[in-house]
Amino acid sequence: MGRMNAKQKAEHLAKRGERLRKIRMASAVARALGVDRANDILFPAVAAALGRSWVGSKRFGYQLVMEYAATHDLKAKATSKPSHVPHAAKPEFLESYAWRRLRMEVLRKRGARCECCGATPKDGKTVLNVDHIKPRKLFPELALDESNLQVLCAACNHGKGNWDQTDWREPVVGRLVPRCSALV
């Protein structure tokens, strides 16, 4: 970003604020339509709800979201997170209050069990992580979206890496999942 004068900094902050407002509004519209927040799912659903055709542009998708929100009198959910949350791809993000709070909510709702192998801290030296299904580096807008999170033990999380987008939350009937090497 480099050095900015006061005018450039004000413009940058205004653009950032507008982006965040659109992202929060997209989450509100996704909740209203009962669909996943991922852009490739949300934008076509909004287009269909408005009776419009979807052209595949992210900018057009957000225009549709804002149009839907205006016609259905939706308000973006107010957030209680601090005004400054580090960029999702930066290591400081994992130390932010917003992330730690959301992480604890996910662990409380889903329980202390790996959603891939079933390991729990009671099994021994198992450490649980809250994993981003779609990686923070590639999808920073989903970093604080609960629908993009899953509980994995350290071994499964490390094996998955940030290149794999496997969602282990939904058990597949008949799937045989090997136990983690951490448990053997």
Cross-link pairs LYS15/LYS75; LYS58/LYS137; LYS15/LYS58; LYS7/LYS90; LYS58/LYS134 - those with Cα-Cα distance over 22 Å: LYS7/LYS90
Signed unit charges on C-beta, dipole axis of the range 6-71, positive-most listed residue HIS12, ALA47, VAL29: HIS12
Under 19 Å from the Cα of LYS109 - lysines, other chains or at least 8 residues apart: LYS122
Charge dipole magnitude, Cβ of K and R +1, D and E -1 - the chain, Cα centre, debye nearest 20: 560
Convex hull volume per residue for the range 87-175, taking Cα atoms only, in Å³: 103
Computed P(r) (all Cα pairs; the chain; 10 Å bins; percent): 8, 30, 32, 21, 8, 1, 0
DSSP H segments from the chain that extend 30 Å or more along their own axis, Cα-based, with Kyte-Doolittle mean of -1.0 or above: 6-33
FRET efficiency estimate (nearest 0.05) - Cβ-Cβ, ASP36 to GLU67, R0 22 angstrom: 0.65
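With +1 on each Lys and Arg Cβ and -1 on each Asp and Glu Cβ, how big is the dipole of the range 6-71 about its Cα centre, in debye rounded to the nearest 20? Before the final figure, lay out each step's value.
Working: 13 positive and 5 negative charges, 80 e Å.
That gives the range 6-71 a dipole magnitude of about 380 debye.
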Estimated [θ] at 222 nm from DSSP helical runs (n ≥ 4, -39500 (n - 2.57)) normalised by residues in the chain, nearest 500: -13500 deg cm²/dmol
Cα centroid of the range 9-24 to Cα centroid of the range 115-161, whole Å: 29
Ranking of TYR62, TYR68 by count of other Cβ atoms within 10 Å, fewest first: TYR62, TYR68
Order of PHE43, PHE93 - criterion: other Cβ atoms within 10 Å of each residue's Cβ, fewest first: PHE93, PHE43
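Read-outs: derived from the displayed coordinates by stated rules, not from any lab. If you're wondering where the values come from, they're calculated on a predicted model, not measured in any experiment. Cβ coordinates were reconstructed from backbone atoms using ideal geometry, including for glycine residues, and neighbour counts include every protein chain displayed.
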